[in-house]
Amino acid sequence: MHGFIVVDKPAGMTSHDVVARLRRILGMKKIGHTGTLDPFATGVLPVALGEGTKAIPFLDEGVKEYRAVMRLGITTDTDDLEGRITLERPLEGIDDALIRETFPLFTGELSQIPPMYSALKRNGVPLYKLARRGEEVEREPRRLTVYSLVIDRIEFPFVTFTVRCSRGTYVRALARDLGEQLGCGAHLTALRRVASGPFTLADAQTLEQLADQRGAGTLPAGFVSLSAALGHLTPAVLTPEGARRLRCGMLPTADDLTAPLPASAAGCRILFTFDGAVVAVAEAVQEEERLRLRLLRGFN
């Protein structure tokens, strides 16, 4: 089984816990997730199976969507409900109108300081380990994009919202910054990822559902093949000889393809397939008047 499944991650489990559980359910060792969700968060966790683990760097997960709940008036050291309360402030002067005026300020290209409680590293040490020792270090702001930020419901002191954002965005840091802009502070009390690139909740299965399907001997529901997961790459179909050569580590020539690569392929990543199976991913580089291929990854 080589490809991807989408797990609806439950609260209270780390992403690593989910992978460990899946290894037992599916009886596979070669499994890995494509991006960490905080333990308190739920929702879309894409998981690579078998050769799918090699395809993770080539996925199109640049845009993610979350539903979140923030609590106004309380700040925590982790920016979420699992942290220690560091400050409580009154909500006088905070009303629906002010909140609705503030949210649009946090769309478009933004600069965000990552939380101390994050997996980012300083001199090889994860920031969260430094934070647990009571240390705080300066973090460089990161550029990100918030494509949309919609208020779903306001029930003081809670605000429920949906955000579509670029990869690398910390939604709890977004809640923190929204709270500071409002002047009362805030932290996340719930976070659910509803989409990560092409992977959505519509395809997601709980661990219990996956265990039941495995017991029935069927392919997991929502299974995404390697070719489908990499369908955004420029396609190139190999001849039998071209597939043989590429599997031996030799770059294909024009004669090894069923159709020539388009001139527009320059600067793009190419998905080589044969008989519907993924063989390799390469990069096409324009050199004078011809395209040169650089092999990035082969697949068994």
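Assorted remarks:
- Ranked by the mean number of other Cβ atoms within 10 Å of their residues, highest first, the peptides 143-150, 69-76 come out as 69-76, 143-150.
- Per-selection Rg to Rh, region 176-266 - Cα, Kirkwood hydrodynamic radius: 1.24
- Each other residue within a Cβ distance under 11 Å of Ser148 adds +1 if Lys or Arg and -1 if Asp or Glu, for a net charge of 0.
- Relative packing of 31-39, 132-140, which averages over residues the other C-beta atoms within 10 Å, highest first: 31-39, 132-140
- Shown in residue order for region 268-285 are the 3J(HN,Hα) couplings computed by the Karplus curve 6.51 cos²θ - 1.76 cosθ + 1.60 at θ = phi - 60°: 9, 8, 10, 9, 8, 10, 9, 6, x, 9, 6, 9, 6, 10, 9, 10, 9, 10 Hz (x for Gly and Pro).
- The Stokes-Einstein estimate for region 233-298, based on a Kirkwood radius over Cα pairs and taken at 25 °C with 0.890 mPa s viscosity, is a diffusion coefficient of 212 µm²/s.
- For region 36-120, the Cα-based Rg and Dmax, in that order, read 17.4, 55 Å.
- Prolate/oblate/rounded call for region 63-196, Cα gyration tensor, a/c under 1.5 rounded: oblate
- Above 35 Å, the calculated P(r) of the chain contains 33 percent of its Cα-Cα pairs.
- In degrees, nearest ten, helix 15-26 long axis to first principal axis of the chain (Cα): 50 degrees
- Most to least packed among 78-86, 256-264 [average Cβ atoms within 10 Å]: 78-86, 256-264
- Neighbour-count ranking [beta-carbon atoms within 10 angstrom, fewest first] of Glu289, Glu101, Glu283, Glu155: Glu289, Glu155, Glu101, Glu283
Quick note: the coordinates plus some simple rules give every number you see, no bench work behind them. In this text the structure is predicted, and so the values were computed from the model without any measurement. Positions of Cβ are backbone-derived with ideal geometry, glycine not excepted, and every protein chain shown enters the neighbour counts.
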